[in-house]
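The values are calculated or read from the model by the stated rules, or taken from the named source; none is laboratory data. Because the structure is a prediction, the values reported are computed rather than measured. Methodologically, a virtual Cβ is constructed for each residue, glycine included, from the backbone with ideal geometry; neighbour enumeration extends over all protein chains shown.
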Amino acid sequence: MNSRAIEFSITTIVTLIIAIIIFSLSLNLIFRFFDEASELEQEIDRQTRDQLMQALKSGNQLVLVPFAVQETKRGNFATFPLGVRNIGNEKQFQVLLGFSGAYNPDGSDLTQKNSQYIEQNWIGNFKTGPPFRLKKGDSEVRPVSFKADVNTAQGIPTPKGDYVFNVCVFAPEQPTAPPPCTPENRRLFYTEKVYQMTVRVV
């Protein structure tokens, strides 16, 4: 009986050691996978930034939006790169955001009266971006983020569809408060254009 008990104990210990080794190897593989995924994401971001900077330098555009549509799910962020090039004297720039409209997958309007809620909860503090300075000939890539909130109004879940936002680049010659990012104010903006980015909730 004693020999059987000892044999059983040894078998249990060996099995436990093997299980711990397998578990450790699995954790190592998981962490390595996430590290590589993170590095790949950073590399993609770096590549996107480099390509955008190159496009700004070689092209004739002063503001560049390479991706006008980003897909995401409710509760997640959608981040767009925005390139800005200064060909004039050194000045201060700001990226301004505003809600434009929302549409069902079939193209029908679903904006209703939810504009204020969407501006507050999808754009939030990003409505007026932090100012940045560019010298003559310099370019900058800025991230523009929107959160696909779980609601479009209090108690109304966000349906699938396209949520379109205005994007304006403000660069006044003299310091002044930024105006709302709307087509009516286009003449006040750098390049006198209002750009658009679409968050596609899937």
Are there any pairs, at least 6 apart or on different chains, whose C-beta atoms fall under 6 Å, with the first in the range 74-94 and small (Gly, Ala, Ser) and the second in a strand (DSSP E or B), and if so, which?
78/70; 78/72; 78/146; 78/199; 83/64; 83/141
Does residue 71 count as touching a strand residue (DSSP E or B) at 6+ places or on another chain (Cβ under 6 Å) and acidic (Asp, Glu)?
yes
So which of 158, 128, 191, 176 is of a type in the set (Val, Ile, Thr) and loosely packed, with under 14 Cβ neighbours inside 10 Å?
176
So is residue 148 buried (at least 16 other Cβ atoms within 10 Å of the Cβ) and touching a Ser or Thr at 6+ places or on another chain (Cβ under 9 Å) or not?
yes
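Residue-by-condition table, conditions (1) surrounded by fewer than 18 Cβ atoms within 10 Å (Cβ to Cβ); (2) touching an Asp or Glu at 6+ places or on another chain (Cβ under 8 Å); (3) polar (S, T, N, Q):
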| residue | (1), (2), (3) |
| --- | --- |
| 63 | no, no, no |
| 69 | yes, yes, no |
| 75 | yes, yes, no |
| 93 | no, yes, no |
| 98 | no, yes, no |
| 115 | yes, no, yes |
| 119 | yes, no, no |
| 124 | yes, no, no |
| 132 | yes, yes, no |
Looking at the structure I just gave you, is residue 116 at pLDDT 95 or above and over 18 Å from residue 195 (Cα atoms)?
no
Residue satisfying condition, being aromatic (Phe, Trp, Tyr) and either in contact with a Phe, Trp or Tyr (Cβ under 6 Å, 6 or more places away or on another chain) or at pLDDT 85 or above (or both), within set 31, 99, 8, 23:
99
Given the condition over 22 Å from residue 185 (Cβ atoms) and not in a loop (DSSP other than H, G, I, E, B), answer yes or no: does some residue in the range 84-94 qualify?
no
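What strands (runs of 3 or more DSSP E) lie completely within the range 116-198 and have 2 or more residues being under 21 Å from residue 87 (Cβ atoms) and touching a residue at least 60 places away in the same chain (Cβ under 8 Å)?
Where strands (runs of 3 or more DSSP E) fall fully within the range 116-198 and carry at least 2 residues being under 21 Å from residue 87 (Cβ atoms) and touching a residue at least 60 places away in the same chain (Cβ under 8 Å), they are 139-147, 161-170.
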Mind counting the residues in the range 155-180 that are touching a helix residue (DSSP H, G or I) at 6+ places or on another chain (Cβ under 8 Å) and not aliphatic (A, V, I, L, M)?
7
Go through the range 131-180 and count every residue that is farther than 15 Å from residue 199 by Cα and either outside the structural domain of residue 69 (by TED's automatic domain parsing) or under 16 Å from the mean Cα position of the chain (by Cα) (or both).
2
